[in-house]
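The values are calculated or read from the model by the stated rules, or taken from the named source; none is laboratory data. Bear in mind the structure is a predicted one, so any value in this text is a computation, not a measurement. Here the Cβ positions follow ideal geometry from the backbone for every residue, glycine too, while neighbour counts run over all protein chains shown. Side chains included, ligands, DNA and RNA excluded: accessible areas come from the protein's heavy atoms. Shrake-Rupley method; radii C 1.70, N 1.55, O 1.52, S 1.80 Å.
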Amino acid sequence: MWRFFLILLLNFSLLSAAAGQQDKDSQPQRPKVALVLSGGGVKGAAHVGLLKAVEEAGLPVDLVVGTSMGAIVGGLYAMGYSPEQLDSLFRSQDWRFILSDKAERSNLSIGEREKSGRYLLSVPFSRSGKSDIGGFLRGQNLKNLLTRLTVGYHDSISYDRLPIPFACVATNLSNGQEIVFRSGVPAMSIRASMSIPGVFTPVKYGGMTLVDGGLVNNFPVDVARALGADIVIGSMVQKAFNDTTQFSSVPNILEQVISISCRNKYEENIRLADLAMRMPVTDFSTMDFSTASIDTILKRGYETACQYRASLDSLRHLTMGTDSLVPAFNGQQRLILAGSSPALSIRRVFFDGMPRHEAVAVARACHLGEDDSLSFTQIEEALRLLRDKFLYADAGYSLTEIGNDYDLHFQTSEKSVSKVGIGARFDTEEMAAVLLGADFTFNTKTPSQIGFAGKLGEQYYVRLNYSVEPAFYRQFGVAYEFSNHDFNVNRQGQRAYNLCYRQHAAEIACSNLRIRNLGGELGVRTDYFDFDKPTSGDAELATLKSCFYFSAYIRLKYNSQDAGYYPTRGSNFQADLAYTTDDLSYLCRPHGFTTLSASWEGIVTLHKRWALLPRLAGRMVWGQDIPLPFRTAYGGNLSGRYLTQQIAFTGVSNPEFAQDVFLTAAANLRYNIAGRHFATALFNLAAETSKLEDIHRARHFYGIGLKYGYNSKFGPIEATFSYSDNTKKLLFHLGVGYYF
């Protein structure tokens, strides 16, 4: 009997299910709505306006397809970011930093900050001797941002599983094939879609080399149609094709190249769209990520989309068969903007495919503990160390959800063995100069490397050093440097004589540069000065003799400035104390002498555009018959240009030797004209005397000047007019490039 009732119950269930499916199939399916967002660099911020307008119109969205910047905006929207969050994201980012490979300055040691402010270009090389760079930028900071924003979607997934199904377009560089991503790791797909050739390094994936999808399909309406879209609403930021357009910049040329490569498909896709909005942002450059430009583009995008409100209402009625508003996001839960949470709960940390000693060193330096809370800052600092210290060509991470916790995985690609840098500078003091540098890292358990630096110019030098790091930024090193000095020495603006000599220096030092903004160094060195025969009978030259000198020194540095050039906050301090003798068996006077030098500069913000830059500097020498190469020198626009102990002073050109006590104070007033343009009024005051206790009877002189500066991507460009009552001459100085 029970079997009879069981069979009867099963048949009833099957009949009910079939009836339900029949009722469902008999209901008409509404049209499938897709949003298509074009590529276009910063102009793609205008797409956010379309998203806002669509949500306000109550249109449902069933699919999002994008290319390049459209892939970024569309992908994040499909994952759950609201238009308001995307608007905030565009406005809040430091795009100059995001679109670079530079590390956060606050995470760099003092030495790394100084090195980053010298080289125009730094290129890593693999073991094969080939450069690992496939574009001007690796896009590491952009990759970090995308990874941070896509937490929860770090695994390879089908993009149909996102809150809104998503697709984006990239280009296979080997054959020009259009690649449509419908699955994978979202951050990787988006990064591939916007890899502008020659600007960003291509993405290697599945045996393919992928670049910007705009090369083959910059407005992929046809992709949306192929994926079943019945109604397509698109946002375009690309210029209408113009055969007579003038091309005055690299971004304009790149934009034209993309237009040419997919012109026919682009125009056909416009015809395929039910509603194609052309955003009026063509007067902006593709890479103009300034705050003012982003603000204007976002406003124009929304205003333009609102002008299509009647069309959007009609499409809603056509889609839903009703005038009532419906949630455009299909009721899915919105994401909280990644990064707003200060920490992630990490269960385990993995360093996939890396030597254990590297993993241990990075974990210790960044405090990456298991069963702990970690911030994105800690994770991204670990990536920087893997790239900069261990020279991995690329480094990334993924977070795998395990309940309420995450497993953190670090991944790296091919390891480089060296990094080569080049810098260049022109100025009216030394004319042209070139700086070459290279670091070769050994694959040893204790990190060690050989460094080389050479300057080609009127004052040239070559430096070799070897260092080991038992712990990050705690170094022990030896170095040798040869330098050639050939310059005129003045007295109160008049040429006194020419000083020409060669200097050999050997050094052993230990340093600790890890403490935030602070570095210290302790060392000993020996210098040998080889002087040319004097061509003048000046009394100072008569004391010169080729000789060895031995020194012990301690150095302290502090730097909290937010930029190497034209900082807006922070201070910079350095102090050096040294004892020098020419006879190690007889350390007291007259063979030995002591030097103390110190400098400090700060920034006081007076107004949004105005800043006061106070500066104090000085050097004191205690001893008898101080050798000329160790005497205090002042003058020139750059400290240390001709002599290590040279202090720059406004209104003085060639270096001049001072008395044993030399003190300077400056109060410069800087005005930010616009963007990267600055004007600075210079005020310098100096006092010199033979003894510190006689400072009230010191000789005083002043210097004044006016400087224009442009903080270009290739180093500062500065022109200065100055005058000093020490020289009583009006001087002009022009400098182009980083200081070195």
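Structure notes:
- Ranked by the mean number of other Cβ atoms within 10 Å per residue, highest first, peptides 630-639, 110-119 order as 630-639, 110-119.
- Pairwise centroid distance, computed over Cα atoms, of region 143-186 with region 359-391, Å: 26 Å
- Our compactness index for region 85-196, the C-alpha radius of gyration over the empirical 2.2 N^0.38 Å, is 1.30.
- Distance from the alpha carbon centroid of region 39-74 to that of region 393-422 works out to 30 angstrom.
- Segment Ala575-Glu114, extension gain: residue separation times 0.36 nm, minus the distance between their alpha carbons: 164.4 nm
- Length-normalised contact order of the chain in % [C-alpha pairs under 8 Å, at least 6 apart]: 10 percent
- Relative contact order, percent, region 596-740 [alpha-carbon distance under 8 Å, six or more residues apart]: 18 percent
- Simple label model, 7 Å out from Cα along Cβ direction - Lys728 to Ser373, nm: 6.9 nm
- Helix axis angle, 356-366 relative to the chain longest principal axis, alpha carbon, degrees: 80 degrees
- Taking Cβ atoms as reference points and 15 Å as the exclusive limit, the residues near Arg105 contribute a net charge of 0, counting Lys and Arg as +1 and Asp and Glu as -1.
- The share of alpha-carbon pairs in region 81-130 lying farther apart than 12 Å comes to 76%.
- Computing Rg and the Kirkwood Rh from the Cα coordinates of region 594-686 gives a ratio, Rg/Rh, of 1.07.
- Helix 291-306 vs. the chain, principal-axis angle (Cα, 0 to 90°, nearest 10): 10 degrees
- Each label point was placed 7 Å from the Cα along the Cα-to-Cβ direction; for Phe440 and Arg516 their separation is 3.8 nm.
- Candidate aspartates and glutamates - alpha carbon under 17 Å from Lys533, same-chain residues fewer than 8 apart omitted: Asp486
- Global geometry of region 370-443, whether rounded, prolate or oblate, following the gyration tensor of its Cα atoms and the 1.5 cut on a/c: prolate
- Normalised per residue, the volume of the convex hull around the Cα set of region 495-572 (Å³): 152 Å³
- The label-point distance for Phe683 and Asp295, in a model that sets each label 7 Å from Cα toward Cβ, rounds to 3.2 nm.
- Set of aspartates and glutamates near Lys713 by C-alpha distance (under 19 Å), chain-local residues within fewer than 8 positions excluded: Asp94, Asp101, Glu104, Glu112, Glu114, Asp288, Asp427, Asp562
- Each DSSP beta bridge with both residues in the chain is either parallel or antiparallel, and the antiparallel ones are about 90%.
- In the structure shown, the pairs Lys102/Lys415; Lys115/Lys143; Lys115/Lys455; Lys455/Lys729 are assessed against 22 Å; a Cα-Cα span above that value is assigned to Lys115/Lys143; Lys455/Lys729.
- With the largest listed first and rounded to whole Å, the semi-axes of the equivalent ellipsoid of region 638-685 from the Cα gyration tensor are 27, 13, 8.
- Rg/Rh ratio calculated on Cα atoms of region 448-514 (Kirkwood radius): 1.18
- Helix 250-261 axis versus longest C-alpha principal axis of the chain: approximately 30°, rounded to the nearest ten.
- Cα gyration tensor shape of region 150-234, rounded if a/c is under 1.5, else prolate or oblate by comparing a/b with b/c: oblate
- Rounded, prolate or oblate (a/c below 1.5 giving rounded, otherwise prolate when a/b exceeds b/c) for the chain by Cα gyration tensor: prolate
- For a straight C-alpha distance cut-off of 15 angstrom, the aspartates and glutamates reachable from Lys265 (same-chain residues fewer than eight places away being disregarded) are Glu178, Asp222.
- Residue pairs, from the table Lys43/Lys419; Lys239/Lys299; Lys419/Lys707; Lys52/Lys299, whose Cα atoms sit over 23 Å apart: Lys43/Lys419; Lys419/Lys707
- Solvent exposure of the chain amounts to 47 Å² per residue of accessible area, where only protein heavy atoms count and the probe is 1.4 Å.
- Relative contact order for region 473-602, counting Cα pairs under 8 Å that sit 6 or more residues apart, in percent: 17 percent
- Listed peptides 377-383, 267-273 appear in the order 377-383, 267-273 once ranked by packing, highest mean of other Cβ atoms within 10 Å at the front.
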